[in-house]
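Engineer: This is the structure I want to talk about, given as structure tokens.
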Amino acid sequence: MNIKNLHAKIGDKEILKGLDLELIKGKIHVIMGTNGAGKSTLSKAIVGHYDVQTTQGEIIYKGENILEMEPEERALNGVFLSFQNPVEVAGVNNAYFLRTALNTKEKHRGEKETNAAEFLKLMRRHVEQLEMKPDMISRALNDGFSGGEKKRNEILQMEILKPDVIILDEIDSGLDIDALKSVSEGINRMKDGERTFLVITHYSRILDYIHPDYVHILQDGKIVKTGGPELVKILEAEGYQAIQKDLQCEP
Amino acid sequence: MRAVTLSLANAKHRLYERLGELGLPGNKTEQYKNFAIKPILAKEYAFKTPTTSEPKEGAKLLIQNGVVLESPKGVRVSFERDFKADEGHYDALYFMSHVLADFVIRLDIDADAAFELEHRLDAKETLLAYRVFVQTAPNSKVEIFETFNMEGSQNGLLLYGVDAQVARDSTLRWIRNQNARADDAVVIGSHSFNVAKQGALELKTFDFGGGQALHLYKIDLANYAWSDAQHLLLATKKARRGNVVVINHNEPYAKSVQEARTILKDEATGIFDGKIFVSQAAKYTNASQNSKAILLGENAHMYAKPQLEIYTDELEASHGSTIGQLDEETLFYLRSRGIGLEEARKTLVLAFANVLVDTLGDGEIFDRVHAEFDKTYYV
């Protein structure tokens, strides 16, 4: 996925100001940045959220500019966002929802649709792996779920839908150690050298579990620095000001 | 409305007086002002007077054009000419239907029972008026599934209603499944439910379609009586449909819960006018009322009027009302998982409706209500 010169605004405020970023297939990319830098706006722009209006640039994926696609088309083409705050949907059964999404994807790909019995078996297996309560299957989608349960449910969806480009927007926020471990294990199960991850986070602790290949610093709507995992250590020790000073010293 | 005027001359005196006091409803009458009642009453109809009958035993209670053709085992049917109607009712058409009907179809149910009550109408351009009275026995549980088959009833008017006495310690579960096309008879149902001490009324109405219908209820609760009223309305095309409900907490420790959910497509109009009245004597009561509506059509209209009128300090009461469109963030969430916009909309509408449909539990009634909903929604 290649993001070129992306400009985007929310309302009248320009948030992304010519962002360039190449996500390399099979790699884990991490984006870090201060509050308001544009991290969540970037994730929303990629999946076509209605809040975000892209004004310039393109996102090329599988040879097409996905900015011209509807959100569901982007999803069917393999783009997945794990939401920072997943919505609660009373009256929609979790299993029914996920099976509908899976069957829609299978139909789109011309594959045989997973039937109810097969799906239930599949879902039970993943629920167990993620150490979720079994009643999550029959409960309404995210309705009354705790913060941790919602995040696990996002990972459950990811594991069942098997997308190609996975954006995790603050998947680690509000998780206790056990939940963080389960969620990280879910992410690691999906690493196969083919799938691409874009992890948006404020904290380094999840990176102890999922080991990124690239770390990008987002500031004022642009990627200002890219490096390896060592960049996280610098950030932790010296904060974003160090990056800022470093940038000012560059010719 | 010539035929009606002629009949009134011979009507039962006290009911006629009450009708006179209230006057025929017009566009300024509070309960009818969003229903466009005037053209309905101004229209000329043939007037049909139902006759008494000797119903044969059947699987359901079948009333065809006001005549009882079948009744199930355990239900005693009789015809009462001097019925004592609820003189405190607020609706003029409650009295009008009593005045026009020569008798009330009386159903005495002596033990636990569950049956279907089917109204079958096939008379064109006809005003049909009849009333049903239900009496439960103490300590019994009765479930009545009320359905309408109105094929061939074009452009008529059905003025009907239920008077029910829910006996002490008994439960009446009344489920209405109504679906009407635009050219079916207009249905105006005006009802009075009286729930005795420790009695319980579960009123579940499922009202779908493109025709015109209004139900007006008066529910009276005695000491420790309980009422759970749920109304699901799905109106399409140019329909005007709705519910007017007055729940009176007359004595201490009564409890009422009411939830109305309305989905309006196209140019449909939905009405929810609900009032909970708590008298000074009705201390320690508990009352809640909620109305939620989703507007799917750009020209759809919802008139919601939730009201509490309270004359005691010692109670718990709440009410609320929301009118809006489908939540954009929720729609987006579904779309972000590959579900198309139209499918996502349908999923959320069904979810909204299912909160009430699911309370029916599994079984034939659930299946039939669900099927009617689908039939109306997907047209």
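Engineer: Which of B:E314, B:E342, B:E57 moves the most in a Gaussian network model of chain B with Cα springs under 10 Å?
Structural biologist: Comparing B:E314, B:E342, B:E57 in the GNM, the peak value goes to B:E342.
Engineer: From the square roots a ≥ b ≥ c of the eigenvalues of the alpha-carbon gyration tensor of the range B:6-157, which class results: rounded (a/c under 1.5), prolate (a/b over b/c), or oblate? Could the numbers behind the result be given before it?
Structural biologist: Details: a/c = 1.84, a/b = 1.46, b/c = 1.26.
Cα axes put the range B:6-157 in the prolate bin.
Engineer: Right, here's the next one. Assigning unit charges at the beta carbon (Lys, Arg +1; Asp, Glu -1) and nothing else, what dipole magnitude in debye, to the nearest 20, does chain B show about its Cα centre?
Structural biologist: 740 debye
Engineer: Could you run the numbers on buried accessible area between A and B, total for both chains, 1.4 angstrom probe, in Å² to the nearest 100?
Structural biologist: Working: alone 12360 and 16090 Å², together 26440 Å².
The A and B chains share an interface burying roughly 2000 Å².
Engineer: Still on this structure, please answer the following. Averaged over its residues, how many other protein chain Cβ atoms are within 10 Å of peptide B:35-46's Cβ atoms?
Structural biologist: Working: counts 0, 0, 0, 0, 0, 0, 0, 0, 0, 0, 0, 0.
The per-residue average across the peptide is 0.
Engineer: Same structure again: Average partner chain C-beta neighbours within 10 Å, per residue of B:326-334?
Structural biologist: Details: counts 0, 2, 3, 7, 7, 3, 10, 10, 10.
Mean partner-chain Cβ count within 10 Å for B:326-334: 6.
Engineer: Which aspartates and glutamates, if any, have their Cα less than 18 Å from the Cα of A:K105, not counting same-chain residues under 8 positions apart?
Structural biologist: A:E70, A:E72, A:E73, A:E113, A:E118, A:E154, A:E159, A:D164, B:E342, B:E343
Engineer: Let me ask you something else. Of the cross-linked pairs B:K43/B:K238; B:K141/B:K375; B:K28/B:K238; A:K13/B:K292; A:K107/A:K222, which ones have a Cα-Cα span greater than 29 Å in the structure shown? Present the calculation step by step, with values, prior to reporting the outcome.
Structural biologist: Numbers: B:K43/B:K238 19 Å; B:K141/B:K375 31 Å; B:K28/B:K238 21 Å; A:K13/B:K292 34 Å; A:K107/A:K222 38 Å.
Those over the limit are B:K141/B:K375; A:K13/B:K292; A:K107/A:K222.
Engineer: Let me ask you something else. At 1.4 Å probe size, with every protein chain present, just tell me what the per residue accessible area of the range A:94-163 comes to in Å². Please list the in-between numbers first.
Structural biologist: Numbers: 3260 Å² over 70 residues.
Here the per-residue accessible area is 47 Å².
Engineer: Would you work out if the range A:94-163 is rounded, prolate or oblate? Take a ≥ b ≥ c from the square roots of the eigenvalues of the alpha-carbon gyration tensor; rounded if a/c is under 1.5, else prolate when a/b is larger than b/c, oblate otherwise. Let's see the in-between values first.
Structural biologist: Values: a/c = 1.96, a/b = 1.79, b/c = 1.09.
Cα axes put the range A:94-163 in the prolate bin.
Engineer: From the square roots a ≥ b ≥ c of the eigenvalues of the alpha-carbon gyration tensor of the range A:70-135, which class results: rounded (a/c under 1.5), prolate (a/b over b/c), or oblate?
Structural biologist: Numbers: a/c = 1.76, a/b = 1.15, b/c = 1.53.
Since a/c reaches 1.5 but b/c is at least a/b, the shape of the range A:70-135 is classed as oblate.
Engineer: Once fully extended, how much extra length lies between A:S173 and A:K17, figured as 0.36 nm per residue of separation less the alpha-carbon to alpha-carbon distance? List each step's numbers first, then the result.
Structural biologist: Details: separation 156, 0.36 × 156 = 56.16 nm, distance 2.63 nm.
So the chain would gain 53.5 nm between A:S173 and A:K17.
Engineer: Moving on. Across peptide B:350-356, what mean number of C-beta atoms from other chains lies inside 10 Å of a residue's C-beta? Walk me through the numbers before you get to the answer.
Structural biologist: On the way: counts 3, 10, 3, 1, 5, 3, 1.
Across B:350-356, the average partner-chain Cβ count within 10 Å equals 4.
Engineer: Just how large is the dipole of the protein assembly as shown about the Cα centre, in debye to the nearest 20, putting +1 at every Lys and Arg Cβ and -1 at every Asp and Glu Cβ?
Structural biologist: Numbers: 77 positive and 92 negative charges, 186 e Å.
It comes to approximately 900 debye.
Engineer: Lys and Arg at +1, Asp and Glu at -1: add these up for the other residues within a Cβ distance under 9 Å of B:Q289 and post the number.
Structural biologist: On the way: positive: B:K275; negative: B:E259.
Result for the local shell: 0.
The values are calculated or read from the model by the stated rules, or taken from the named source; none is laboratory data. This one's a predicted model, so the numbers in the text were calculated from it and none came from an experiment. Ideal geometry is used to build each Cβ from the backbone, glycine not excepted, and the neighbour counts take in all protein chains shown. Remember, those area values only see protein heavy atoms, side chains included, never the ligands or the DNA or RNA. Shrake-Rupley method; radii C 1.70, N 1.55, O 1.52, S 1.80 Å.
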